[in-house]
Amino acid sequence: MLIPRILTALVGIPVVIACIYYGGLAFYIMFFAVILFSVMEFFSICKKYNPLRFFGTLAAIVFYLALCTGTYVQETVIVSVFLIFFFAMFRKSIENVSASLAVTALGTFFITWALFHMVLIRDIPKYGIHYIIFLFVNIWMLDTGAYFIGKKFGKHKLASLISPKKTIEGAIAGVVTAVLVSLVYRHFFMQNIITNNEAIIFALVISFVGQFSDLAESLFKRDCNIKDSGNILPGHGGMLDRFDSYLFCAPIFYYLIQLMKY
């Protein structure tokens, strides 16, 4: 398991770094792929609720394009919702239709909207590249700190019904790691952009919300008795497994930046 994880990281990290560096279309395309696979995997996880997979995925694509171009966003949402109900009405069975509609809407709109904030962060004038790297590095390092400390010293379960292996000790280690990493990153790369206090605030928010977001995805996986969202990333699981921490973190971090810095 370790070798596939390392190989995937050796290929994936340079691609992510290149897309972050160039920004613009490259970053848009990267998150088009991330959102596409995440939505598809979410519908696969929740297959017992019989979501409208094909149309939900298609609507997510159109919604993402509308968000990227800033055109016809409201129109896309209302037409998509109308068609989701329309197709649900004329299925062969309407058993569990409420759950089907809810899961379809959640996958189509929330995942797309939430992860689109990664694009908004990268597009922040002048400093977007620094903020998006700051977020990526924080999530990567807090996950690493939480994993190793939790595995070595973890004794108290964080949320045993949702994610049995996660511990309170690991979660605390993740928060501490994020704060330290943020201060180091700020010292070397963002001295003229954010203060130490702002770096600490950002780190605390990212670490708490990021771990909450991870548990939110796990909630669906446990309900549907699924271990990984997919297998597109060998050793890491699915795309949604890799980007679940950003579902709540990206929007909250983006609006926190707007609140504190603009």
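The values are calculated or read from the model by the stated rules, or taken from the named source; none is laboratory data. Given the structure is predicted, the values throughout are model-derived calculations rather than measurements. We place every Cβ from the backbone using ideal geometry, glycine too, and count neighbours over all the protein chains shown. For accessibility, only protein heavy atoms count, side chains too; no ligands or nucleic acids. Shrake-Rupley method; radii C 1.70, N 1.55, O 1.52, S 1.80 Å.
Remarks
- Principal-axis analysis of the Cα atoms of the chain puts helix 128-153 at an angle of about 80° to the longest axis.
- Accessible-area order (highest first, 1.4 angstrom probe) of the listed residues Tyr254, Tyr64, Tyr262, Tyr127: Tyr262, Tyr127, Tyr254, Tyr64
- Distance between modelled label sites at Cys68 and Ser160, nm, 7 Å Cα→Cβ extension: 4.6 nm
- Derived from the Cα gyration tensor, the three semi-axes of the equivalent ellipsoid of segment 1-80 are 28, 21, 5 Å, largest first.
- Which of His117, His156 is most accessible, then next, and so on - probe 1.4 Å: His156, His117
- Heavy-atom accessible surface of the chain: percent carbon and sulfur, 1.4 Å: 71 percent
- Taken about its Cα centre, segment 84-171 carries a charge dipole of roughly 300 debye when the Cβ of each Lys and Arg holds +1 and the Cβ of each Asp and Glu holds -1.
- Loop-resident trypsin sites (Lys or Arg not before Pro) (DSSP state other than H, G, I, E or B) in segment 152-209 with no more than 10 further Cβ atoms inside 10 Å of their Cβ: Lys155.
- Farthest toward the positive end of the dipole of the chain, out of Pro125, Trp113, Gly24, is the Cα of Trp113, where the dipole comes from beta carbon charges about the Cα centre.
- Here the extension length gained between Ala216 and Lys151 equals 21.3 nm, from 0.36 nm per residue of separation less the Cα-Cα distance.
- The C-alpha atoms of the chain define a longest principal axis, and helix 53-69 lies at about 50 degrees to it.
- Percentage relative contact order, the chain, counting C-alpha pairs under 8 Å, at least six apart: 23 percent
- 27 Å Cα-Cα reach of Lys48 towards lysines, excluding residues that sit fewer than 8 places from it in its own chain: Lys92, Lys165, Lys166, Lys221, Lys227
- Ligands, DNA and RNA aside, Ile17 has an accessible area near 100 Å² when probed at 1.4 Å.
- A probe of 1.4 angstrom, applied to the heavy atoms of all protein chains, finds Arg5 with accessible area near 90 square angstrom.
- Relative to the Cα centre, the charge distribution of the chain, modelled as +1 at Lys and Arg Cβ and -1 at Asp and Glu Cβ, gives a dipole magnitude of about 540 debye.
- Inter-label distance for Asn196 and Met260, nm, one decimal - labels placed 7 Å from Cα along Cα-to-Cβ: 1.5 nm
- Listed values [x] 18.9, 60; [y] 17.2, 53; [z] 22.1, 72 include one computed from this model; for Rg and Dmax of the Cα atoms in Å that value carries the label [x].
- For Met89, the accessible surface of its heavy atoms amounts to roughly 130 Å² (probe 1.4 Å, protein chains only, rounded to the nearest 10).
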